[in-house]
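A quick write-up on the structure given underneath.
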Amino acid sequence: MENKIEKAKSLISDADALLIGASNGLSIAEGYNIFADNEMFRRDFGEFRQRFGIRNVLEGVFYQYPSALDRHEFLKKLVKIWVKDYHPSEVMMNLRKIVGDKDYFILTTNADEHLEKAGFSSEKIWEIEGTFLQLLHGRASENKQVELNAFLSKYSNQKLVIFELGIGSKNRIIKLPLMQLTMHEPKASYITLNLPHEIFIPQEITSKSIALPGDIAETLRELK
């Protein structure tokens, strides 16, 4: 693992740019789990759990409430606790240090806006499924395909590190395009951080890839 960490550090250091893909595993590493009926959920959303039987944040977002007001109240509380009251975690600050002053673009299915709060530019983040704040205000998610295309065009045939954080092995929204890009870009490298059972690297890109299984928070700490 130590050799892999050093190799990953070297690839990132030599990279012309980073294309970051982030999903639930990154939020979970921070302690924010949209799937969990855990102590945090029971503390912050116990009223909704008791009234409606909602067992996690994801259920709460998509629950068919008796009234629009009930849904608005859940979303308002979610935005307050998970977005407005959020202070960047060690996980996010380490990620910021790893990226440093390199150019980057981030694709994420996370809706919590923690990346922006940690200092990443909103212009360089595409929250593909929207954000909790957009949900609260009934706004459509922003399509940044043009910005992504410009980034990919700029760094085509250059040393692009595709840095994948906590994307499940069966996720196809972000994972599949990133793996295809790795395959087709001659100088691209692929670094994936996740729990061991969620790591997946197809044979076609094995020679260009580094898998760093384990606790994402700990791995980012080592890479920093």
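Derivation of every value follows stated rules applied to the coordinates shown; laboratory data play no part. No experiment lies behind these values; they were computed from the predicted model shown. All Cβ positions, glycine included, derive from the backbone under ideal geometry; neighbour counts span all protein chains shown.
Miscellaneous remarks
- In a fully extended conformation the segment linking residue 39 and residue 16 would gain 4.1 nm over its present Cα-Cα distance, using 0.36 nm per residue.
- Going from the residue with the fewest nearby Cβ atoms within 10 Å to the one with the most, 222, 204, 164 rank 204, 222, 164.
- Scaling against 2.2 N^0.38 Å puts the C-alpha radius of gyration of the chain at 1.05.
- GNM top mover of 152, 136, 69 - the chain, alpha-carbon springs below 10 Å: 69
- Relative packing of peptides 80-89, 13-22 - highest average C-beta neighbours within 10 Å first: 13-22, 80-89
- Around residue 50: net Lys/Arg minus Asp/Glu count, Cβ-Cβ under 15 Å: 0
- FRET efficiency for the residue 6 to residue 187 pair, using the beta carbon distance and R₀ = 22 Å, is estimated at 0.65.
- Computed lengthening from residue 84 to residue 153, 0.36 nm per intervening residue step minus Cα-Cα distance: 21.4 nm
- Calculated from backbone phi, Karplus (6.51, -1.76, 1.60) coupling profile of the range 142-148 in Hz, x at Gly/Pro: 8, 8, 10, 4, 4, 5, 4
- Residue separation of residue 197 and residue 215 scaled by 0.36 nm, minus their Cα-Cα distance, works out to 5.3 nm of gained length.
- Among 194, 143, 24: highest mean-square fluctuation, GNM of the chain, C-alpha pairs under 10 Å: 143
- Listed by chain and number, the aspartates and glutamates whose C-alpha is less than 15 Å from the C-alpha of residue 144, apart from same-chain residues fewer than 8 away, are 123, 127, 129.
- Net charge of neighbours whose Cβ lies under 13 Å from the Cβ of residue 94, counting Lys and Arg as +1 and Asp and Glu as -1: 0
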